[in-house]
Amino acid sequence: MLELDALAVGWPGHGAVLSDLSISLAAGERMGIVGPNGAGKTTFFHTIAGVLPAQAGTVTMGGRPVQAGQFRPDIALVFQQAEDQLFCPTLIEDVSFGPRNLGLPASQAHARAARALADCGLAGLEDRPVHHLSGGEKRRACIAGALAMQPNLMLLDEPSAALDMRQRRRLIALLAGMKQAMLIASHDLELVLELCPRVVLIDQGRICADGPARDVLGNAALMLAHGQEVPHSLTPHHGTGHAHVRNCP
Ligand SMILES: Nc1ncnc2c1ncn2[C@@H]1O[C@H](COP(=O)(O)OP(=O)(O)O)[C@@H](O)[C@H]1O
Ligand SMILES: [Mg+2]
């Protein structure tokens, strides 16, 4: 469904950030994108979403090339900072903004938004000002805004950042129940393990590994070489104690 071929990307006025990225993603497939800060994960998402143009190579979604600046309702980006995404006075206005922008009549846009809010556990908060939502509610509001577009691909940038345990668990259950294909960029490797059968490791704008999640995340030498740690649940435990390989002195 999504094909990236030899993609190279840079920000205007800066050098290349991503080089030679080639990935295919099937309909409904969930893939984790992991890598250190500055590796290029957010840049990658902005390119797939058509915010940032490719300097070389192509992005094709559903057989059609993604052109920067062109509106693609089949691809939904959920920003890392909810405040970057939510901008309307009330929650229902925010979540129905996308469907209204698709040209749907107000009643249909409202119905889609109300459904997405209910799916995300936000029914009853329709008229709440967005800045009066908690962090977890804001995150789910952003996901509702994406869902209301009925996309085939969701790009989730650090979705569990700054959530407490209960909100994080709720997020995982929500994402696990969704049928859309997803790319999930995260440092929360346990979340990635739970949701994504496949993982791509990016460092310095290049793909360093692409394979089954347990193989990539469980490869201690690979993880160490790219500033990562094998997640706790893939670390062998002997007796009552255990030791993680330390990256830093
Ligand atoms: N708006 C921007 N303008 C210029 N450079 C940027 C911008 N956003 C990110 N970068 C640069 O792109 C590189 C990759 O950043 P980013 O994609 O945010 O990485 P990650 O999401 O993996 O932490 C970094 O060197 C960063 O400084
Ligand atoms: Mg980022």
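The values are calculated or read from the model by the stated rules, or taken from the named source; none is laboratory data. Remember, predicted model here, so these are calculated numbers, not experimental data. FYI the Cβ positions are ideal-geometry reconstructions off the backbone, even for glycines, and counts take in every protein chain you see. These accessible areas exclude ligands, DNA and RNA; they are computed on the full protein's heavy atoms, side chains included. Shrake-Rupley method; radii C 1.70, N 1.55, O 1.52, S 1.80 Å.
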Query raised in the report: Say we join alpha carbon atoms closer than 10 Å with springs in a Gaussian network model of the chain; which of ALA209, ALA225, ALA68 then has the biggest fluctuation?
Result: ALA225
Query - Contour excess over end-to-end distance, with Cα ends at LEU104 and ARG169 and 0.36 nm allotted per residue - result: 20.0 nm
Report summary line: Going residue by residue through the stretch 3-17, the Karplus relation 6.51 cos²θ - 1.76 cosθ + 1.60 with θ = phi - 60° gives ³J(HN,Hα) values, rounded to whole Hz and with x marking Gly or Pro, of 10, 10, 10, 6, 6, 10, 9, x, 7, x, x, 10, x, 5, 9
**Report entry** Stokes-Einstein D for the stretch 80-149, Kirkwood Rh over Cα pairs, 37 °C, 0.692 mPa s (µm²/s)
**Finding:** 287
Report task. Return the whole-Å distance between the Cα centroid of the stretch 9-27 and the Cα centroid of the stretch 140-164. Result -> 22
**Report entry** Modelled FRET efficiency - R0 25 Å, ALA176 with THR90, Cβ distances, 0.05 increments
**Finding:** 0.30
Report summary line: HN-Hα couplings for the stretch 205-212 via Karplus (6.51, -1.76, 1.60; θ = phi - 60°), in whole Hz with x for Gly/Pro, come out as x, 10, 7, 9, 7, 8, x, x
Query - Under 5 Å, built H, 5+ apart or other chain: amide partners of LEU77 - result: LEU155
**Report entry** Highest-first arrangement of 187-195, 12-20, where packing means the average Cβ count within 10 Å
**Finding:** 187-195, 12-20
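Taking 0.36 nm per residue of separation and subtracting the Cα-Cα distance, what length does fully extending GLN70 through THR58 add? Walk me through the numbers before you get to the answer.
On the way: separation 12, 0.36 × 12 = 4.32 nm, distance 1.44 nm.
Result: 2.9 nm gained on full extension.
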Report summary line: Within the set LEU77, LEU217, LEU174, GNM on the chain using Cα springs under 10 Å gives the largest fluctuation to LEU174
Report task. Please give the per residue accessible area of the stretch 1-88, computed with a probe of 1.4 Å over protein heavy atoms only, in Å². Result -> 44
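Gain in length, GLU229 to ALA8, computed as 0.36 nm per residue apart minus the alpha-carbon separation, to one decimal in nm?
76.8 nm is the gain from fully extending GLU229 to ALA8.
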